[in-house]
Amino acid sequence: MNDERLTVTEASEDTDGERRQRPGPDRQPDPAPVPEQRERAGKRRRRGPGPVTLLVLPGLVTVTGVAAFLALTGGLPSPWPEDSGSGQTAAAGIDPSYVPWLRKAASACPVLEPSVLAAQIDQLSGWSDDTDGLSGQKGIAAFTDSEWRTWGRDDDGSGRSSPRDPADAIMALGRRDCSLAGKVTDLRTEGRVNGDLVDLTLAAYATGPDAVAEAGRVPPAAETYLGEVKALIPRYEALDRDDSGDGTGAAAGALLSAPVSPLTITSPFGSREHPLTGVTKLHTGVDFAAPQGAPVVAARQGRVVFAAPTTAYGNRVVVDHGSIDGKRLETTYSHLSSLEATVGQSVEAGTPIGRVGSTGLSTGPHLHFEVVFGGYYADPRPWLAAGG
């Protein structure tokens with residue numbers, strides 16, 4: 001539970017830059033011309049190379065050699081490392097806050113991958129939520145009002161279900177696709193259709209499952225849509241990768257591991273009336289039930305930037321996890337009975353940082369856990385490993 005907004009002064013970061021070196025071989029000064037010796041008397045004096053030849057000719061030879069080298073090697077090597085980005089999501093231009101929802105939406109359906117959902121949204125709207133005045137489609141997943149009544153929910157707990165809410169739209173598209181995947185899976189099991197399940201699911205989205213059943217495969221009317229979506233999938237394949245190898249300890253599709261176990265939610269993220277103050281406001285995190293003194297651990301590798309008592313949050317720890325696609329990610333742990341971390345300490349996922357308690361404005365032992373992404377509170381649930 002909480003009554004105050006997180007205020008954390010981020011430590012300034014030193015940007016390590018490389019000093020670009022001028023390419024090219026080091027050249028020693030040309031040796032001074034050797035004075036000519038007089039030839040023996042009676043013989044004609046032999047004229048040596050003039051000063052212009054001595055100075056220009058070596059330079060021409062060097063330039064010719066360098067040009068030949070560049071032609072063979074394709075150019076000088078850059079002193080800067082190749083910028084591969086932090087995954088293809090950055091290059092694709094997805095808002096990083098969408099990533100947990102794409103993964104959560106896909107996790108409910110074994111046929112789908114996050115990259116498929118992302119490619120669909122790219123094809124449908126180009127990630128723009130502008131309304132199509134002719135078709136009535138709204139939001140990044142292009143839902144009509146009638147479609148939204150079937151598939152839409154308030155998935156992010158904002159108090160309102162809307163196709164213009166990206167989290168709601170992504171989850172609704174996942175439910176719709178998963179339903180279609182179930183239908184085409186049954187058709188293929190019955191031997192009525194042939195083909196890849198992802199292809200058949202996308203075809204069913206474009207033309208309906210009945211058209212797929214009638215054609216016995218991907219119908220011609222769906223081939224253009226299918227081709228466009230599949231051409232976009234590679235740019236989003238980074239979303240499908242397992243993040244458990246980066247020190248987070250989280251399962252595939254999640255960025256954070258469980259701060260306390262088990263993850264039993266007693267108060268979710270979203271608007272609510274505070275049980276002690278009676279004020280209705282945003283509950284900026286999730287409350288997890290846990291016994292007094294239960295261990296609380298860091299949810300991801302990072303650095304402790306705050307560890308001290310506060311009025312509303314009680315004993316509180318804040319961990320800075322660095323930047324994801326240019327936005328800072330922090331997690332907070334509040335109402336602790338004791339602090340087991342210090343400011344400046346480096347932690348890994350699973351490092352003990354405190355004990356569950358009921359300090360501050362609290363009605364009983366629990367962990368109030370927050371995710372702060374890009375300076376804004378985010379619902380922690382889609383960030384956490386499923387089943388934590």
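Read-outs throughout are calculated quantities, based only on the coordinates presented, and are distinct from any laboratory measurement. Since we're looking at a predicted model, the values are computed, not measured. A quick note on method: Cβ atoms are made from the backbone with ideal geometry, for glycine too, and the neighbour counts reach across all protein chains shown.
Between the amide H of Ser267 and those of Asp287, distances stay under 5 Å, these residues lying 5 or more places away or on another chain, with hydrogens modeled in the peptide plane. Per-residue Karplus couplings for the stretch 306-312, computed as 6.51 cos²θ - 1.76 cosθ + 1.60 with θ equal to phi - 60°, are listed in order as 7, 7, 6, x, 9, 5, 8 Hz, Gly and Pro entered as x. Summing charges over all other residues whose Cβ lies under 12 Å from the Cβ of Arg217, with Lys and Arg as +1 and Asp and Glu as -1, gives -2. Amide H contacts of Val305 (H built 1.01 Å from N, in plane; Pro and chain starts excluded): Val318, Val319, Asp320, Gly344 sit under 5 Å, all sequence-distant by 5 or more or on other chains.
The H on the amide N of Lys327, modeled in the peptide plane, is under 5 Å from the matching H of no residue at least 5 residues off or on a different chain.
Derived scalar couplings between HN and Hα for the stretch 110-126 equal x, 7, 9, 10, x, 4, 5, 4, 4, 5, 4, 5, 4, 5, 6, 9, x Hz in order, rounded to whole Hz, by the Karplus curve 6.51 cos²θ - 1.76 cosθ + 1.60 (θ = phi - 60°), x for Gly and Pro. Neighbours of Pro380, meaning other residues whose beta-carbon lies under 13 angstrom from its beta-carbon, give a summed charge of -2 when Lys and Arg score +1 and Asp and Glu score -1.
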